[in-house]
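Enquirer: One structure is given below, represented as structure tokens, and several questions about it will come after.
The values are calculated or read from the model by the stated rules, or taken from the named source; none is laboratory data. Bear in mind that the values here come from a model prediction, so they are computed numbers and not experimental data. Here the Cβ positions follow ideal geometry from the backbone for every residue, glycine too, while neighbour counts run over all protein chains shown. Surface areas here come from the heavy atoms of the whole protein model, side chains and all, with no ligands, DNA or RNA. Shrake-Rupley method; radii C 1.70, N 1.55, O 1.52, S 1.80 Å.
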Amino acid sequence: MADAARALFGDRLDLAAGYAELLATDGVVRGLIGPREAPRIWDRHLLNCAAVAERIPEGVSVIDVGSGAGLPGLVLAIARPDLNVVLVEPLARRTSFLVETVERLGLARMVRVFRGRADEAATGANGVGPFTADVVTARAVAPLDRLATWSLPLVVRGGRLLALKGSSAMDEITEHAGAVAKLGGGEPTVQLCGVDLLDPPTTVVEIVRERVVRPPGVKTASKRARGGRKRAR
């Protein structure tokens with residue numbers, strides 16, 4: 001596990017360790033991480049999320065939907081300082097933790113926190129947004145059809161949705177590929193990340209947004225909002 005951590009975080013391993021400490025302490029106290037998860041923060045959460053970075057091009061914008069305690073969005077920001085990341089989370093106690101953690105880790109220049117739902121991030125809310133990004137990530141948020149409904153409007157055309165899934169990934173693709181296509185997504189594919197580092201590797205369902213199919217009421221994001229340039233708290 002130590003070798004995997006060094007490979008995935010490089011010279012930012014100390015920063016990842018600081019985040020792991022916050023998850024194991026404040027995260028548990030505030031109900032964001034279960035007490036039984038604390039001993040498994042590295043293998044089950046940080047390394048699992050950091051492996052997804054291999055599917056993300058250099059220097060792009062990322063929106064993490066349903067970020068919770070920052071998984072995977074904050075982990076990716078730690079592992080990849082070239083990314084601009086927006087963490088989208090509707091619950092106040094979670095966004096409070098995210099804002100405080102971003103500040104404590106010194107990531108405020110590259111990470112923004114948006115309190116709201118994915119559809120609110122796509123249309124804008126309370127004078128903030130709308131947002132789009134080259135890559136949208138999500139972990140344990142919803143079945144693929146609902147996740148695509150919420151997330152694909154945030155993806156620029158030609159960009160991709162990366163959904164961290166478990167053993168049910170192929171079953172979800174079989175069941176929901178038609179719904180994804182109607183939303184403008186290409187054929188979902190399963191990607192295994194961290195194959196040489198993690199056992200098991202991280203399973204990701206990848207969907208390219210091939211067409212813009214905009215639900216009623218969804219506005220086109222301005223150039224200023226793209227990639228989360230405007231800070232949201």
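Enquirer: Looking only at segment 148-174, which residues are farther than 16 Å from V204 by Cα and not polar (S, T, N, Q)? Before the answer, list the steps.
Expert: Of all residues in segment 148-174, those farther than 16 Å from V204 by Cα come to 149-150, 153-158.
Answer for segment 148-174, where residues must be farther than 16 Å from V204 by Cα and not polar (S, T, N, Q): W150, P153, L154, V155, V156, R157, G158.
Enquirer: Any residue in segment 34-48 that is modelled with pLDDT under 95 and not in a helix (DSSP H, G or I)?
Expert: yes
Here is a yes/no grid of residues against (1) within 14 Å of the chain's Cα centre (by Cα); (2) within 23 Å of L192 (Cβ to Cβ); (3) not hydroxyl-bearing (S, T, Y):
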residue: P72; (1), (2), (3): yes, yes, yes
residue: L87; (1), (2), (3): yes, no, yes
residue: S96; (1), (2), (3): no, no, no
residue: L107; (1), (2), (3): no, no, yes
residue: G116; (1), (2), (3): no, no, yes
residue: D134; (1), (2), (3): yes, yes, yes
residue: A148; (1), (2), (3): yes, yes, yes
residue: V155; (1), (2), (3): yes, yes, yes
residue: S168; (1), (2), (3): no, yes, no
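Enquirer: Then there's this: Go through segment 1-23 and count every residue that is more than 25 Å from N84 (Cβ to Cβ) and open to solvent by less than 40 Å² (accessible area, probe 1.4 Å).
Expert: 1
Enquirer: Could you check E175 against (1) farther than 22 Å from I63 by Cα; (2) part of a strand (DSSP E or B) and say which number it fails?
Expert: Evaluating E175 over (1) farther than 22 Å from I63 by Cα; (2) part of a strand (DSSP E or B) leaves (2) as the failure.
Enquirer: Does V208 meet the test of being modelled with pLDDT of 95 or more, surrounded by fewer than 20 Cβ atoms within 10 Å (Cβ to Cβ), in a strand (DSSP E or B) and over 15 Å from the mean Cα position of the chain (by Cα)? Steps first, please.
Expert: Numbers: modelled with pLDDT of 95 or more: yes; surrounded by fewer than 20 Cβ atoms within 10 Å (Cβ to Cβ): yes; in a strand (DSSP E or B): yes; over 15 Å from the mean Cα position of the chain (by Cα): yes.
Yes, satisfied.
Enquirer: Open to solvent by 10 Å² or more (accessible area, probe 1.4 Å), assigned to a helix (DSSP H, G or I) and within 30 Å of V156 (Cβ to Cβ): is that true of E54 in this structure?
Expert: On the way: open to solvent by 10 Å² or more (accessible area, probe 1.4 Å): yes; assigned to a helix (DSSP H, G or I): yes; within 30 Å of V156 (Cβ to Cβ): yes.
Yes.
Enquirer: Being surrounded by fewer than 24 Cβ atoms within 10 Å (Cβ to Cβ) and within 11 Å of D64 (Cα to Cα) is the filter here; which residues of segment 120-151 pass it?
Expert: R139, V141
Enquirer: Quick one: L154 ticks every box in (1) in contact with a Leu (Cβ under 8 Å, 6 or more places away or on another chain); (2) of a type outside the set (S, T, Y); (3) surrounded by 15 or more Cβ atoms within 10 Å (Cβ to Cβ) except a single one, so which number is it?
Expert: Failed condition: (1).
Enquirer: Give G18, G59, G10 a once-over and let me know the one that is modelled with pLDDT of 95 or more, assigned to a loop (DSSP other than H, G, I, E, B) and either among the aliphatic types (A, V, I, L, M) or out of contact with any strand residue (DSSP E or B) (no Cβ under 6 Å at 6 or more places or on another chain) (or both). Write out each step before concluding.
Expert: Details: G18 fails: assigned to a loop (DSSP other than H, G, I, E, B); G10 fails: assigned to a loop (DSSP other than H, G, I, E, B).
Exactly one of G18, G59, G10 is modelled with pLDDT of 95 or more, assigned to a loop (DSSP other than H, G, I, E, B) and either among the aliphatic types (A, V, I, L, M) or out of contact with any strand residue (DSSP E or B) (no Cβ under 6 Å at 6 or more places or on another chain) (or both), namely G59.
Enquirer: Okay, moving on. Return the only residue of A17, A38 being closer than 30 Å to D134 by Cβ and either in contact with a helix residue (DSSP H, G or I) (Cβ under 9 Å, 6 or more places away or on another chain) or aromatic (F, W, Y) (or both). Before the answer, list the steps.
Expert: Details: A38 fails: closer than 30 Å to D134 by Cβ.
Every option except A17 fails the conditions.
Enquirer: For F97, all conditions in the list (1) touching a Lys or Arg at 6+ places or on another chain (Cβ under 8 Å); (2) open to solvent by 20 Å² or more (accessible area, probe 1.4 Å) hold save one; what is the number of the exception?
Expert: (2)
Enquirer: I'd like to verify a number: residues in segment 62-86 that are among the small types (G, A, S) and either surrounded by fewer than 23 Cβ atoms within 10 Å (Cβ to Cβ) or part of a loop (DSSP other than H, G, I, E, B) (or both), how many? Even if it seems obvious, please write down each step before you answer.
Expert: The first filter runs over segment 62-86 and keeps only residues among the small types (G, A, S), leaving 66-70, 73, 77, 79.
Going one step further and asking which of them are either surrounded by fewer than 23 Cβ atoms within 10 Å (Cβ to Cβ) or part of a loop (DSSP other than H, G, I, E, B) (or both), we end up with 66-70.
Residues flagged as among the small types (G, A, S) and either surrounded by fewer than 23 Cβ atoms within 10 Å (Cβ to Cβ) or part of a loop (DSSP other than H, G, I, E, B) (or both) within segment 62-86 amount to 5.
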